[in-house]
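Notes for the one structure printed next.
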Amino acid sequence: MGVQVKFNSSTIEEDGRFEDGEGREYRYSVGDNGALFIWEKEAGGYIDKKAEPFVTYGPAAWFSVVGDAKSSQDSPPTRVRGL
């Protein structure tokens, strides 16, 4: 599905669409301050805990987002170390 962002200003030149395809998938998350983070990952893969967002929008830049939210399924499985 990907992610689609609607912006507060018509002067923003981006169309706000991040489409899944060509081996890539996109997810979004919203920070505590209202900032919007767009994450990119390999299809079927994970988003590393140390990964930086693909794109970040400040809280005043956007007003709506639809698509696939970042979830625990996007995190790599927990590694269990030997006893």
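The values are calculated or read from the model by the stated rules, or taken from the named source; none is laboratory data. As the structure is a computational prediction, the values presented were derived from the model and not from experiment. FYI the Cβ positions are ideal-geometry reconstructions off the backbone, even for glycines, and counts take in every protein chain you see. Note: accessible area is taken over every heavy atom of the protein model, side chains too, but ligands, DNA and RNA are not part of it. Shrake-Rupley method; radii C 1.70, N 1.55, O 1.52, S 1.80 Å.
Applying the selection to region 22-35, what residues are small (Gly, Ala, Ser), open to solvent by less than 40 Å² (accessible area, probe 1.4 Å) and either on the phi > 0 side of the Ramachandran plot or in contact with a Phe, Trp or Tyr (Cβ under 6 Å, 6 or more places away or on another chain) (or both)? Before the answer, list the steps.
Residues of region 22-35 that are small (Gly, Ala, Ser), as a first pass: 23, 29, 31, 34-35.
Still in the list and also open to solvent by less than 40 Å² (accessible area, probe 1.4 Å): 29, 31, 34-35.
Matches in region 22-35: Ser29, Gly34.
Considered as a group, the residues in region 38-68 that are of a type in the set (A, V, I, L, M, F, W, C), open to solvent by 50 Å² or more (accessible area, probe 1.4 Å) and in contact (Cβ under 8 Å) with a residue 24 or more places away in the chain include one that is farthest from Val3 (Cα to Cα), and that residue is Ala60. Consider Gly23 carefully, then state whether it is in contact with an Asp or Glu (Cβ under 9 Å, 6 or more places away or on another chain) and of a type outside the set (Val, Ile, Thr). So Gly23 fits the description; yes. Glu19 meets the conditions (1) surrounded by fewer than 10 Cβ atoms within 10 Å (Cβ to Cβ); (2) of a type in the set (D, E, K, R); (3) in contact with a Gly (Cβ under 9 Å, 6 or more places away or on another chain) in every case but one. The failed one is (1).
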